[in-house]
1. Considering only residues that are under 14 Å from the mean Cα position of the chain (by Cα) and among the hydroxyl-bearing types (Ser, Thr, Tyr), look in the stretch 299-334 and name the one that is least open to solvent (accessible area, probe 1.4 Å).
2. Just give me the residues in the stretch 305-334 being charged (D, E, K, R), within 19 Å of GLU211 (Cα to Cα) and either touching a Leu at 6+ places or on another chain (Cβ under 7 Å) or part of a helix (DSSP H, G or I) (or both), in sequence order.
3. Just one of (1) more than 19 Å from LEU6 (Cβ to Cβ); (2) touching a residue at least 24 places away in the same chain (Cβ under 8 Å); (3) open to solvent by less than 10 Å² (accessible area, probe 1.4 Å) trips up GLU295, so point out which.
4. Looking at the stretch 106-116, which of its residues are surrounded by 14 or more Cβ atoms within 10 Å (Cβ to Cβ) and in contact with a Lys or Arg (Cβ under 9 Å, 6 or more places away or on another chain)?
5. Considering only residues of the stretch 80-99 that are touching a Ser or Thr at 6+ places or on another chain (Cβ under 9 Å) and in contact (Cβ under 8 Å) with a residue 24 or more places away in the chain, which is surrounded by the most Cβ atoms within 10 Å (Cβ to Cβ)?
Amino acid sequence: MALIRLDRARFFHNLSVLADKAGGKERLAVVLKDNAYGHGLEEMARLAEDFGITQAVVIDQVEADRIKARFENVLVLHDTPRVDPRCSYAITELAQLNSTPKGAKLELKVDTGMHRNGILPEELEAALSIVRKRGLHLFGVMSHYRSADELGSGYFWQRERFRGVRERVREAGFANVRFHSHNSAGLLRCNDFDEEIARVGIAIYGFDPREAGFERADLRPVLSLWARRSSSRTLRAGERIGYGGEFVAERPMRVSTYDLGYGDGWFRGDARRPFVTAEGLPILGRVSMDFLSLEGEKEEVCIFDDARTAARHFGTICYEITTALAPSIQRIIV
């Protein structure tokens, strides 16, 4: 089987960089949603716990139940709120408050400009009124930046809107509420972080999401993708490899098949413009569902050790490269 290696030292380094920006590791909430961006939910949760992280973020209750024993609180972004002492739940529509059970920990999401979900700022007082009348537990108030990774003013005006939301919540008499709006990009460009937590996702895995023009943060990719040799053979000049025979040997060459394909979440790509592995080996011919071919006969090859190289080749972002990797691929911590 193909293999994913997760570098403990690099992960801890990234967390240290982010903790310095936030003012302490207790102010980091690690985003482990979608199988920890493809890195492995339980593996990354265990490493985060080892580092001393106490807060996490996941997409649903299924993910939360797998890791909540490791954290003081897990924020569930998209699921039905319920009473769970280890979990809080994002509320993104006013109507949700009327069906939320008493005792559930709620985190009210306010739309400060992303326009994807969240209650509108003009609905805030109505939401707080429902919370008070129904005796609900307002655990947090949150928002999300639409362009903190881009040069421009978007981050700043959204941040000011959220500061206004924070003041209105406090003026309404709600205490012991945590406020958070910063994602990885927001935290990295912020020099005066003043919220209870920052929700850090892509940066903990080693990637600075901000566009060119920002001073790059010293972050190190945690994940490397490896494939193992399944078989080898010698090709004569003129012989072809794989479906459609798109690769033609121009000389006698030793070729091996490796156990990685699009069934594992690796990209099929274009055989006429082959991806080149971290070891400088171009993929030969078409990638198939379970296999790809490379010159040589090493027992194990590194496909990539920095998802940005794959993202540039396939015209996408590193998030898509890592989250596409199948959960069935073995993940080991090194």
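1. Here the answer is THR322.
2. ARG308, ARG312, GLU320, listed by residue number.
3. (3)
4. Going residue by residue through the stretch 106-116, those that are surrounded by 14 or more Cβ atoms within 10 Å (Cβ to Cβ) are 106-114.
Those that are surrounded by 14 or more Cβ atoms within 10 Å (Cβ to Cβ) and in contact with a Lys or Arg (Cβ under 9 Å, 6 or more places away or on another chain): GLU107, VAL110, THR112, GLY113, MET114.
5. Once the filter is applied, the top-ranked residue is ILE91.
The values are calculated or read from the model by the stated rules, or taken from the named source; none is laboratory data. As the structure is a computational prediction, the values presented were derived from the model and not from experiment. When we count neighbours, we look across all protein chains shown, and the Cβ atoms used for this are built from the backbone with ideal geometry, even at glycine. For accessibility, only protein heavy atoms count, side chains too; no ligands or nucleic acids. Shrake-Rupley method; radii C 1.70, N 1.55, O 1.52, S 1.80 Å.
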